[in-house]
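The values are calculated or read from the model by the stated rules, or taken from the named source; none is laboratory data. For clarity, every value in this text was computed on a predicted model and none was experimentally measured. As a convention, Cβ positions derive from the backbone with ideal geometry for all residues, glycine included, and neighbour counts pool all protein chains shown.
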Amino acid sequence: MPDVLPQLRHPTAYEMQRALLHAPQLSPRDYRHITVAPVSGAIGAEVTGIALGAIDDAAMGEVVTALADHLVLVFPGQTLAPADQVAFARRLGPVNPWPYARPMAGYPELTELVSGPADIHNFGGGWHTDSSTFPRPPAYTVLQCIEGPDAGGDTSFANQYLAWDTLHETVCRGLEGRRLIHATAKGFGDHSRSTGSGHVTTTPVVVPPEHEGLESRHPVGRTHPLTGRRALYVNAGFAARFEGHSVEESQPLLDALAAHGGIPEFTCRVRWRPGTLVVWDNRCCLHYAHNDYRGQRRVMRRAVVEGEVPV
Ligand code: SIN
């Protein structure tokens, strides 16, 4: 186990400064087909001036570039029909059904994430990256708001390039070549067994028997295939232990890395309206669905775009 915990637990003033005074995210490039406005200093941009249901190749190319720069793109006022949402997601890569929830009727590639007024648990209510237990975790998630609470139900995102870049260099060296085991049983054990009863969560996650023991080994620092940048690839939701180490040995360092990844200065927070569509890159950001709208309904439609084996 790398002996790097002291550096993570007791950052010096210099390291805190590195963590918090990072350069603000890139000023948007000069786009011809879209208008891009950053939503925080760390991550995320709002994109306007485009209808995603009829996007041509030139505009799509700019969307992909903006995604690489800003990691999370927020498209207000889109209101895509299910087939159009799937078609848009396919422009980013292969779209497969997500096997842990009943798909939307007629659209196997879409999952409807419904929170009812009596729900206690929400879907995605903790820092995580989607399906990191898969050998090829999703590259992108395309999520559209169909119905939302008057207030609440926002989603936060955290930039994991910044998380990696601001780790103490001793920590980075200690993590070099290390891999984490991402375990379905850690992420969804409770959901599939005890909370899938319908009265605490309207959209239960049901893990099919062949996935119950699914685990994948992924690097702690992964290199993004498009940008070549290193991102911290640790998430409290699914990362169970370091390869070659027990859960007990791994937990203190895992907790410290997960806390580092969620530093507020690495984040942005997206407020949803019906018709808002958000695309994020799971390879370099974490997300967190806020569970603060008890008594109200929230309906989202999600497609995930297949990614590559993390390296
Ligand atoms: C997810 O975790 O994929 C869904 C996030 C959300 O509903 O805000």
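Some values worked out for this structure:
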quantity	calculated
Members of the stretch 292-308 that are away from the ligand (no atom under 12 Å from the Cβ) and closer than 25 Å to I50 by Cβ	V305, E306, G307
Residues satisfying the stated conditions in the stretch 187-211, i.e. among the charged types (D, E, K, R) and at pLDDT 85 or above	E210
Residues (of a type in the set (K, R), modelled with pLDDT of 95 or more and out of contact with any Lys or Arg (no Cβ under 7 Å at 6 or more places or on another chain)) located in the stretch 268-296	R269, R271, R273
T267 being of a type in the set (S, T, Y) and within 16 Å of the ligand (Cβ to nearest atom)	yes
Selection from the stretch 39-77 of residues that are under 24 Å from L110 (Cβ atoms), in a loop (DSSP other than H, G, I, E, B) and out of contact with any Asp or Glu (no Cβ under 7 Å at 6 or more places or on another chain)	G44, I50, A51, I55, D56, G77
Cβ-Cβ under 9 Å pairs, at least 6 apart or on other chains, the stretch 285-302 side farther than 29 Å from A68 by Cα, far side outside any loop (DSSP other than H, G, I, E, B) and more than 7 Å from the ligand (Cβ to nearest atom)	Y293/S115; Q296/S115; R297/V114; R297/S115; R297/E147
Test: residue in the stretch 273-291 that is more than 16 Å from the ligand (Cβ to nearest atom) and among the β-branched types (V, I, T)	no
Segments classed as strands (runs of 3 or more DSSP E), wholly inside the stretch 196-250, with at least 3 members that are at negative phi, touching a residue at least 12 places away in the same chain (Cβ under 8 Å) and in contact with a helix residue (DSSP H, G or I) (Cβ under 8 Å, 6 or more places away or on another chain)	230-232, 239-242
All positions within the stretch 101-136 that are within 11 Å of the ligand (Cβ to nearest atom) and farther than 22 Å from R269 by Cα	A101, T111
Evaluation of L167 against (1) within 28 Å of S40 (Cβ to Cβ); (2) surrounded by 20 or more Cβ atoms within 10 Å (Cβ to Cβ); (3) in contact with a His (Cβ under 6 Å, 6 or more places away or on another chain) (one fails), failing number	(3)
Filter result for the condition that a residue is more than 14 Å from the ligand (Cβ to nearest atom) and modelled with pLDDT under 95, over L80, L67, L162, L71	L162
Residue in the stretch 174-196 that is within 16 Å of the ligand (Cβ to nearest atom) and either among the aliphatic types (A, V, I, L, M) or surrounded by fewer than 16 Cβ atoms within 10 Å (Cβ to Cβ) (or both) present	yes
